[in-house]
Amino acid sequence: MKVVHAPGELEARPRAVALGTFDGVHLGHRRVLETALSTAPALTPTVVTFWPHPRTVLGNEVRLLTTLERRLELLAEAGVEETLVVGFTLELARMEPDAFVDELLRPIGTELVVAGADFRFGRGRRGDLATFEELGLSVERIELVPGISSTAIRELVGAGDVEGAARLLGRPAEVDGTVVSGDARGGTLGYPTANLRVDPDLLVPAYGIYAGRAAGHRAAVSIGTNPHYGGSERRVEAFLLDFEGDLYGERLIVELWRRLREERAFASEDELVAQITLDVEATRAAERPI
């Protein structure tokens with residue numbers, strides 16, 4: 001997929017533009033994308049999205065479901081061939097709706113805008129889908145899928161309900177990070193883990209032990225503070241079953257299939273190892289939720 005950061009980097013040609021933030025690229029977003037991809041074969045399907053998240057720029061705290069890198073990968077997997085990532089700034093938020101269209105959409109040849117029925121843009125959020133029509137663009141309104149939203153998914157993930165989140169995402173919930181060195185305790189216990197450094201803006205599920213997958217292997221995943229060792233800093237650690245190798249410095253996308261239990265301290269290290277063994281057995285038996 002071709003990714004650009006300015007309208008001038010895309011050839012001006014007739015386009016069907018899927019417009020939105022697309023955090024999580026969930027099932028509701030996929031309806032928007034599928035419409036842009038299929039409604040007008042003569043138009044080049046294109047995504048116009050925003051980074052950073054508009055709500056953060058406007059002073060609201062948002063824990064993201066996906067990094068920009070992961071969002072772009074998911075858009076590519078959905079079949080999108082060209083994406084314009086617009087830098088969202090306060091100046092953009094204050095732009096009049098007609099200027100938004102003239103500066104971002106007309107230069108790339110936009111003829112059709114596809115977006116959720118509640119899409120708003122421009123100064124004071126005055127622009128809506130009817131505004132695009134008033135400015136001469138065709139519009140495909142995508143009705144919201146009941147119960148599916150990035151906000152609802154954040155609530156489920158934040159509560160550790162990764163199976164519920166998967167039903168709205170259309171794929172497993174994930175944690176995306178870079179493998180860094182840890183305390184190496186897992187190796188001494190017989191269960192070496194990959195420790196992830198996660199972008200601070202990314203949502204991490206509720207503390208607990210999860211079954212999932214990473215790098216093509218099933219993974220038992222611990223999210224929390226390692227209370228058995230008196231830890232206080234959040235850690236995301238994945239034990240990859242039947243894996244041998246060095247992952248340090250590599251990006252790792254960890255799918256979370258099921259929450260197995262809460263994290264807790266144990267009476268002894270032997271009891272801890274026995275519980276980890278049970279967690280690994282549960283991970284072997286776990287099924288991908290979707």
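The values are calculated or read from the model by the stated rules, or taken from the named source; none is laboratory data. Everything quoted here is computed from the prediction, not taken from an experiment. Virtual Cβ from ideal backbone geometry, glycine too; neighbours counted across all protein chains shown. Keep in mind that these areas ignore ligands, DNA and RNA; they rest on the heavy atoms of the full protein, side chains included. Shrake-Rupley method; radii C 1.70, N 1.55, O 1.52, S 1.80 Å.
Side notes on the structure shown:
- With eigenvalues of the C-alpha gyration tensor scaled by 5 and rooted, segment 202-290, Å: 20, 16, 14
- Cut-off under 5 Å, modelled amide H: who pairs with Gly170 long-range: Leu27
- Over the chain: Rg over Rh, Cα atoms, Kirkwood Rh: 1.05
- Think of each Lys and Arg Cβ as +1 and each Asp and Glu Cβ as -1; about the Cα centre, that makes the dipole of the chain roughly 400 debye.
- Computed on segment 90-222, the Cα convex hull volume stands at 170 Å³ per residue.
- Net charge over other residues, Cβ less than 15 angstrom from the Cβ of Ile108 (K, R count +1; D, E count -1): -3
- Split the accessible area of the chain by element, probe 1.4 Å, and carbon with sulfur accounts for 48%.
- Rg/Rh for segment 86-165 stands at 1.09; both radii use Cα atoms, and Rh follows the Kirkwood definition.
- For segment 227-257, the residues whose amide N sits under 20 Å from a probe point set 7 Å from the Cα of Ser181 along the beta carbon direction are 232-239, 245-252.
- Amide hydrogen neighbours beyond the local backbone of Arg258, cut-off 5 Å, H modeled: Ala211
- Once backbone amide H atoms are built at 1.01 Å from N, Val114 has Val17, Ala18, Leu19, Glu140 as its partners under 5 Å, excluding neighbours fewer than 5 places away on the same chain.
- With the biggest extent put first, the Cα atoms of segment 1-58 measure 36, 29, 18 Å across the principal axes.
- Full extension of the chain between Ala12 and Asp199 gives 63.8 nm of extra length, using 0.36 nm per residue less the Cα-Cα distance.
- Averaged per residue, segment 1-157 has 45 square angstrom of accessible surface, using a 1.4 angstrom probe with ligands and nucleic acids left out.
- The listed peptides 20-27, 74-81, 247-254, ordered by packing as a protection proxy, come out as 20-27, 74-81, 247-254 (highest mean of other Cβ atoms within 10 Å first).
- Exposure of Met1 as accessible area (Å², to 10), given a probe of 1.4 Å and all protein chains: 90 Å²
- Gyration tensor (alpha-carbon) shape descriptor, segment 1-111, a/c threshold 1.5: oblate
- Descending by average beta-carbon neighbour count within 10 Å, the peptides 49-59, 207-217 line up as 207-217, 49-59, the highest first.
- Where only alpha carbons of segment 99-144 are counted, the Rg and the Dmax (Å): 10.1, 29
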